[in-house]
Amino acid sequence: MGQIEVFSPAKINLFLSVLGRMENGFHELASLVAQVDFGDRLFIDWEAADSAAVELSCDDPSLPTDSGNLAYAAAEGFLLRSGLKWRVRIRLEKRIPHGAGLGGGSSNASAVLTALGKLAQEAGELGLSRGETLELAAELGSDCPLFLDQKPKLMRGRGEVLSPVFGAAAEDLVGRELLLFKPSFSISTPWAYKTLAATEGAYDQREWAEERLAAWSSGDLDLSQLLHNSFEKVAFPKYAAFDPLFRKMKGYSLECLMSGSGSSCFALLSSSSNVALLEGVVRDCWGDRVFVKRAKVLG
Ligand code: C5P
């Protein structure tokens, strides 16, 4: 028997270049990704059983509670690979909106893997090695591996090739205050990739993307100048809501960016930002059903 409570943070992409389609059907990315102090909470406990079993409950009734939920699939995968005959119970308190580009489902999956790894260790069981955990996370979803620790990262390949952000660049990022906001509609990730693939000239050049990331890493480019997301090329023409709000925010000297494949966005706040006023601007543009949340980059 054992139990654990884990925080499952949201992520934002501060730079997201889609470079082209790879032979495996996935797209090659070059991205700067960071997790924030806003997220979901999971309560996990286990008991010995005759065979492995997973039970998931969630306070958001619109989400599946079977293997269609990545948290469930992660627990199932962990038990299958480790051979542990545990009955695992997960209670998921959902706060991260879905269809948002904030990585909520992927974060939940990795939180489950990390938690079960800790519980196995506490129980004196082998669990999974770091390599096996990483492999399982990558199988669960392209964004899962980045959530196995909370540090900001450069993300390449399909999302599984991760490298740390060092020195002044990390200092520039960690602790940054943001305003997250999501319109009432969501954007489907497969739709966003498919539409991008069908859009002439939508892929970025690898050299350009790497130059931008290198310039930021070496302090030659400010974070606000780095902000870029390939998916804005497909989301903005389809959804008229983005452009007017981004223009208004620019009027307050704030740079905004869509995160992941959308539909959520964020603005980099400064010490002089009037957050209440900015929240009002977002609500004026996008209505009362908008999700707005102030958050800070984790390190
Ligand atoms: O890996 P994941 O399940 O998150 O992928 C969701 C969708 O996004 C899939 O349809 C996949 O084809 C697409 N995708 C992609 N390239 C990536 C990540 C995701 O084409 N690097």
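Only one of TYR239, TYR252 is out of contact with any Phe, Trp or Tyr (no Cβ under 9 Å at 6 or more places or on another chain) and of a type in the set (Ser, Thr, Tyr). Can you tell me which? Steps first, answer last, please.
Values: TYR239 fails: out of contact with any Phe, Trp or Tyr (no Cβ under 9 Å at 6 or more places or on another chain).
Selected residue: TYR252, the only one of TYR239, TYR252 that is out of contact with any Phe, Trp or Tyr (no Cβ under 9 Å at 6 or more places or on another chain) and of a type in the set (Ser, Thr, Tyr).
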Practice problem: With the checklist (1) within 23 Å of VAL292 (Cα to Cα); (2) basic (Lys, Arg); (3) within 16 Å of the ligand (Cβ to nearest atom) in hand, flag the one item ARG206 doesn't pass. | Solution: (1)
Practice problem: Of the conditions (1) aliphatic (A, V, I, L, M); (2) open to solvent by less than 40 Å² (accessible area, probe 1.4 Å); (3) within 16 Å of the ligand (Cβ to nearest atom), LEU223 clears all except one; give me its number. | Solution: (3)
Practice problem: Would you please name the residue that is surrounded by the fewest Cβ atoms within 10 Å (Cβ to Cβ), looking only at residues in the stretch 137-153 that are near the ligand (Cβ under 10 Å from one of its atoms) and either part of a loop (DSSP other than H, G, I, E, B) or modelled with pLDDT under 95 (or both)? | Solution: SER142
Exercise. Take the stretch 59-87 and flag every residue that is of a type in the set (Lys, Arg) and over 20 Å from PHE147 (Cβ atoms).
Key: LYS85, ARG87
Quiz prompt | Selection within the stretch 159-190 - of a type in the set (A, V, I, L, M, F, W, C) and in contact with a Lys or Arg (Cβ under 9 Å, 6 or more places away or on another chain) | solution = LEU162, VAL165, ALA170, VAL174, LEU178, LEU179, LEU180, PHE181, ILE187
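I'd like to know if the stretch 201-211 contains one or more residues that are touching a helix residue (DSSP H, G or I) at 6+ places or on another chain (Cβ under 6 Å) and exposed (fewer than 14 other Cβ atoms within 10 Å of the Cβ). Break it down into steps so the answer makes sense when it comes.
Going residue by residue through the stretch 201-211, those that are touching a helix residue (DSSP H, G or I) at 6+ places or on another chain (Cβ under 6 Å) are 202.
With the extra rule that they be exposed (fewer than 14 other Cβ atoms within 10 Å of the Cβ), the set shrinks to none.
Among the residues of the stretch 201-211, not one is touching a helix residue (DSSP H, G or I) at 6+ places or on another chain (Cβ under 6 Å) and exposed (fewer than 14 other Cβ atoms within 10 Å of the Cβ), which makes the answer no.
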Quiz prompt | Selected residue (criterion: nearest to LEU32 (Cα to Cα)) from residues of the stretch 154-170 that are in contact with a strand residue (DSSP E or B) (Cβ under 7 Å, 6 or more places away or on another chain) and away from the ligand (no atom under 12 Å from the Cβ) | solution = LEU154
Quiz item: Which residue pairs have Cβ atoms under 7 Å apart, sit 6 or more places apart or on different chains, and have a first residue in the stretch 154-169 that is surrounded by fewer than 17 Cβ atoms within 10 Å (Cβ to Cβ) and a second that is in a loop (DSSP other than H, G, I, E, B)?
Solution: PRO164/LYS151; ALA168/GLY219
Quiz item: over 20 Å from the mean Cα position of the chain (by Cα), closer than 18 Å to GLN150 by Cα and buried (at least 20 other Cβ atoms within 10 Å of the Cβ), is that true of LEU14?
Solution: no
Practice problem: Tell me which residues, restricted to the stretch 17-32, are buried (at least 16 other Cβ atoms within 10 Å of the Cβ) and within 12 Å of the ligand (Cβ to nearest atom). | Solution: SER17, VAL18, LEU19, HIS27, GLU28, LEU29, ALA30, SER31
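The values are calculated or read from the model by the stated rules, or taken from the named source; none is laboratory data. Bear in mind that the values here come from a model prediction, so they are computed numbers and not experimental data. Because the Cβ atoms are built from the backbone with ideal geometry, glycine has one as well, and the counts that use them run over all protein chains shown. Surface areas here come from the heavy atoms of the whole protein model, side chains and all, with no ligands, DNA or RNA. Shrake-Rupley method; radii C 1.70, N 1.55, O 1.52, S 1.80 Å.
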